[in-house]
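> Here you go, one structure.
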Amino acid sequence: MEFVEVVNQRRSLRSFAPVEVSDAVIKNLAAVAGLAPSCSNKQPWRFVFVRSPAMLERMFATLAPGNANWAKQASLIVAVWSQADLDCRTPDGRDYYQFDTGMASALLMLAATEKNLVAHPIAGFDPQAARQVLALPDGVRVITLIIVGGHTQEISSALADWQVKAEKERSARMAFEAFASIV
Ligand SMILES: Cc1cc2nc3c(=O)[nH]c(=O)nc-3n(C[C@H](O)[C@H](O)[C@H](O)COP(=O)(O)O)c2cc1C
């Protein structure tokens, strides 16, 4: 798939078909994510690939209700975590761990898209509960969960009306002038 095609195909869809995600696929997603740039090459991103049915069940319990309805059909959840001291803090106090982890996560989602997987990031979950389920140490920040599954054109009956609408058409994007300028 051409790069632009991958970027266009990536969408935060919610109608999942079950899919087997092999160790090889997981390692490939991690390898692509790991090629992201980071401040002083600190590579602050950390991923827990949750695939076992028992662990998925425990992660589902951490989801906000508006996500639980669809995300429970996932075949994999990628818990993305980091913490400030894994990355640069500039002398004037700028932390870069979330930025760098976001870049790696974007690459991971594009790599998943290229494999015809849906990779839908969410903030609607309880990060403390997720940290406990994953037995991560105190101080760790679970930044996002990436909900992964195969895609089905058949719209999930579990979706709310607005989610059905979002399934049918890509969310609107700002015009160039609203977020960019040329000087
Ligand atoms: C940090 C972040 C948090 C998000 N949280 C949620 C969420 O809790 N539930 C949800 O359904 N979608 C969530 N999304 C998906 C966005 O709604 C989606 O990316 C946006 O509408 C753009 O649509 P697209 O990804 O299909 O292009 C989140 C996305 C990001 C990047």
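Coordinate-derived values only; no laboratory data. Note that this is a predicted model, so its numbers are computed, not measured. Counting neighbours? That spans all protein chains shown, and the Cβs are built from the backbone with ideal geometry, glycine included.
> Say we look at the range 7-36 and pick out the residues that are among the charged types (D, E, K, R) and within 24 Å of residue 68 (Cα to Cα); which of these is farthest from the ligand (Cβ to nearest atom)?
20
> Looking at residue 145, is it away from the ligand (no atom under 13 Å from the Cβ) and buried (at least 17 other Cβ atoms within 10 Å of the Cβ)? Steps first, answer last, please.
Working: away from the ligand (no atom under 13 Å from the Cβ): no; buried (at least 17 other Cβ atoms within 10 Å of the Cβ): yes.
Judged against the criteria, residue 145 is not a match.
> Answer yes or no: is there a residue in the range 174-183 that is within 12 Å of the ligand (Cβ to nearest atom) and touching a Pro at 6+ places or on another chain (Cβ under 6 Å).
Among the residues of the range 174-183, not one is within 12 Å of the ligand (Cβ to nearest atom) and touching a Pro at 6+ places or on another chain (Cβ under 6 Å), which makes the answer no.
> Starting from the range 140-168, keep only residues that are more than 14 Å from residue 48 (Cβ to Cβ), then list their pairs with residues that are among the aliphatic types (A, V, I, L, M) and within 11 Å of the ligand (Cβ to nearest atom) whose Cβ atoms are within a distance under 8 Å, requiring at least 6 positions of separation or different chains.
149/118; 150/118; 151/13; 151/118; 167/13; 167/159
> Pick out, from the range 16-74, the helices (runs of 4 or more DSSP H) lying fully within it that include 3 or more residues that are out of contact with any helix residue (DSSP H, G or I) (no Cβ under 9 Å at 6 or more places or on another chain) and more than 18 Å from residue 120 (Cβ to Cβ). Lay out the reasoning, then the answer.
Numbers: elements: 23-33, 53-60, 65-71.
Per the criteria, 23-33, 53-60.
The rows are residues; the columns are (1) of a type in the set (A, V, I, L, M); (2) closer than 16 Å to residue 67 by Cβ.
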{"site": "97", "(1), (2)": "no, no"}
{"site": "125", "(1), (2)": "no, yes"}
{"site": "129", "(1), (2)": "yes, yes"}
{"site": "132", "(1), (2)": "no, no"}
{"site": "154", "(1), (2)": "no, no"}
{"site": "158", "(1), (2)": "yes, yes"}
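> Determine, yes or no, whether residue 79 is within 14 Å of the ligand (Cβ to nearest atom) and surrounded by fewer than 18 Cβ atoms within 10 Å (Cβ to Cβ).
No; evaluated as a whole, the condition is false for this residue.
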